[in-house]
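Structure record follows, encoded as structure tokens.
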């Protein structure tokens, strides 16, 4: 089983991407399931095949332990790890070729709590991460570098190969998409845009970008759109290559 965790900041369109990407894969006769790991989701734009909300109830936790919404979400995120055997049993019975995992909207609940890396490490199968970068947010070079820094932090928490996808790319101009991609290829272009946008912050942000470049973590994001399934062929190919490299590393 190939397991792909979709992560990103709140509002980047993780759930929308999973629903559209699952439909796209099924049209190509791929045996794929979607797992919702967000216990606080009021609704999802797709029908999860496996849903952690049937195992962990945020509102019951709020009532039982007199917690606020944030405290209950933290407790719920930690409790998900206790249900990993149950989730695994369901998946082993279904035997999907691909599993798309919808992570909590608040990225810190998954990547920066102990339960997130535990789930990633103990779930069976070959694993990869798709890190979503919101295109309208990332067209600002300051936001772009901040996003890269967060993506690097997620990588060092989960320690799984990452594919970068630019979500909602249909919502910005084609030239803006091309500029974002250029920033991953040419640090001088990024530095120029940082300087013109925010001269005071540009020095620090350039240092961060240069450090990330030396780690090899900066790779070209794949423009995608959940509305028109743009970029799904390229995204699928990138995931397949990443998973194949992971298998080669273990052999």
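Observations on the model:
- Residue match in the range 81-101 (condition: touching a helix residue (DSSP H, G or I) at 6+ places or on another chain (Cβ under 9 Å) and under 24 Å from residue 170 (Cα atoms)): yes
- The set of residues from the range 155-164 being touching a helix residue (DSSP H, G or I) at 6+ places or on another chain (Cβ under 6 Å) and assigned to a strand (DSSP E or B) comprises 162, 163.
- Selection within the range 20-30: residues that are in contact with a strand residue (DSSP E or B) (Cβ under 7 Å, 6 or more places away or on another chain) and in contact (Cβ under 8 Å) with a residue 24 or more places away in the chain. The member of this set that is surrounded by the fewest Cβ atoms within 10 Å (Cβ to Cβ) is 30.
- Residues that are buried (at least 19 other Cβ atoms within 10 Å of the Cβ), touching a residue at least 60 places away in the same chain (Cβ under 8 Å) and farther than 20 Å from residue 16 by Cβ within the range 141-154 comprise 141, 145, 148, listed in sequence order.
- When residues of the range 167-208 are limited to those that are in contact (Cβ under 8 Å) with a residue 60 or more places away in the chain and under 20 Å from residue 224 (Cβ atoms), the one surrounded by the fewest Cβ atoms within 10 Å (Cβ to Cβ): 170
- Subset of the range 175-223 (residues that are touching a helix residue (DSSP H, G or I) at 6+ places or on another chain (Cβ under 6 Å), within 23 Å of residue 132 (Cβ to Cβ) and outside any helix (DSSP H, G or I)): 217, 218, 220, 222, 223
- Looking across the range 114-154, the residues that are touching a helix residue (DSSP H, G or I) at 6+ places or on another chain (Cβ under 7 Å), assigned to a helix (DSSP H, G or I) and over 15 Å from residue 12 (Cβ atoms) come down to 115, 116, 117, 118, 119, 120, 122, 141, 142, 145, 149, 152.
- Verdict on residue 81 being over 18 Å from the mean Cα position of the chain (by Cα) and more than 24 Å from residue 225 (Cβ to Cβ): yes
- Helices (runs of 4 or more DSSP H) contained in the range 1-111 and holding at least 3 residues more than 29 Å from residue 237 (Cβ to Cβ): 58-65, 69-80, 84-94
- For the range 40-72, taking the residues that are within 15 Å of residue 116 (Cβ to Cβ) and modelled with pLDDT of 90 or more, the one that is surrounded by the most Cβ atoms within 10 Å (Cβ to Cβ) is identified as 52.
- Options 124, 161: the member that is touching a strand residue (DSSP E or B) at 6+ places or on another chain (Cβ under 9 Å), more than 19 Å from residue 40 (Cβ to Cβ) and surrounded by fewer than 17 Cβ atoms within 10 Å (Cβ to Cβ): 124
The values are calculated or read from the model by the stated rules, or taken from the named source; none is laboratory data. In this text the structure is predicted, and so the values were computed from the model without any measurement. Neighbour counts run over all protein chains shown; Cβ positions are idealised from the backbone, glycine included.
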